[in-house]
1. Could you point to the residue in P163, A72, Q22 farthest towards the positive end of the chain's charge dipole, with +1 and -1 charges on the Cβ of Lys/Arg and Asp/Glu respectively?
2. Express the accessible area of the range 105-203 per residue in Å², computed with a 1.4 Å probe while the remaining protein chains stay in the model.
3. Ignoring ligands, DNA and RNA, what percent of the accessible area of the chain is carbon or sulfur (1.4 Å)?
4. Would you mind checking which residues have amide H under 5 Å from G174's amide H? H placed 1.01 Å from N; only 5 or more apart, or other chain.
5. Can you compute the charge dipole magnitude of the chain about its Cα centre, using +1 on each Lys and Arg Cβ and -1 on each Asp and Glu Cβ, nothing else charged? Give it in debye, rounded to the nearest 20.
6. What FRET efficiency would be calculated for the residue pair S165, A71, taking the C-beta separation as r and a Förster radius of 41 Å, to the nearest 0.05?
7. Explain nothing, just the number: dipole magnitude of the range 74-126 about its Cα centre with +1 on each Lys and Arg Cβ and -1 on each Asp and Glu Cβ, in debye rounded to the nearest 20.
8. Which number do you get for Rg(Cα) / (2.2 N^0.38 Å) in the range 75-169?
Amino acid sequence: MKTLPVGDDALLVEVSSGEEAQALHAELVRRRAEGSLSVREIVPAARTVLLDGLADPARLADELTASEVPAAPPRAREVIELPVRYDGPDLADVAALWGVTPEEVARVHAGTEFTVAFCGFAPGFGYLTGLPARYDVPRRATPRTAVPAGSVALAGPYTGVYPRSSPGGWQLIGTTDAVLWDHARVPAALLSPGTRVRFVGAT
């Protein structure tokens with residue numbers, strides 16, 4: 001692990017992979033819950049974890065750099081199921097990139113169990129991992145100025161669902177009516193880091 005100070009009371013921890021970032025995030029959340037770590041925010045990303053609101057960032061930096069990345073945490077029991085219609089405008093393009101039919105894209109995607117690695121980009125947007133590396137796809141060469149809310153999309157190793165209409169360059173393969181972000185709900189975000197997700201094909 002490598003640590004970088006951020007301001008007076010925050011620390012950015014860099015690791016070598018997304019899996020290590022997920023494991024470190026889970027361990028730090030566990031330590032905060034048991035009371036052995038005092039921190040205001042723990043924010044995972046692709047290969048980093050940001051800790052904000054630390055009383056002594058330098059001491060924690062020394063502790064972390066002297067230790068090993070923790071083992072992967074046990075998987076959460078609950079699986080959130082998101083109904084999806086595989087009707088996205090880029091479905092045929094993704095099928096061509098995979099070398100399969102559009103129906104096979106839907107079968108593979110719906111047959112995969114995903115995990116939310118981290119959140120970002122927009123409130124409620126989760127970066128979901130789970131597809132084998134051979135199914136990585138590039139972002140679109142020309143991003144769309146407006147992607148409809150509920151669009152199920154692929155980019156690189158990630159699957160995501162647009163929680164609201166916004167510009168975007170991911171490959172759109174389907175649509176869901178699930179509400180990803182609702183400020184009147186507690187918690188407002190349907191998906192959070194570590195959540196297990198399955199997409200269920202709907203007719």
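1. Final value for the positive-end residue is P163.
2. Details: 4420 Å² over 99 residues.
Normalised by residue count, the accessible surface of the range 105-203 is 45 Å².
3. The value for the chain is 54 percent carbon and sulfur by accessible area.
4. D87, G88, V152
5. Details: 19 positive and 24 negative charges, 80 e Å.
Computed charge dipole of the chain: roughly 380 debye.
6. Working: r = 40 Å, r/R0 = 0.98.
The computed FRET efficiency comes out at 0.55.
7. Numbers: 4 positive and 8 negative charges, 49 e Å.
Charge dipole, the range 74-126, about its Cα centre: 240 debye, nearest 20.
8. Numbers: Rg = 13.0 Å, N = 95, 2.2 N^0.38 = 12.4 Å.
Relative to the 2.2 N^0.38 Å estimate, the range 75-169 comes out at 1.05.
The values are calculated or read from the model by the stated rules, or taken from the named source; none is laboratory data. These figures come from a predicted structure and were not determined experimentally. Counting neighbours? That spans all protein chains shown, and the Cβs are built from the backbone with ideal geometry, glycine included. Surface accessibility is based on the protein's heavy atoms, side chains included, excluding ligands, DNA and RNA. Shrake-Rupley method; radii C 1.70, N 1.55, O 1.52, S 1.80 Å.
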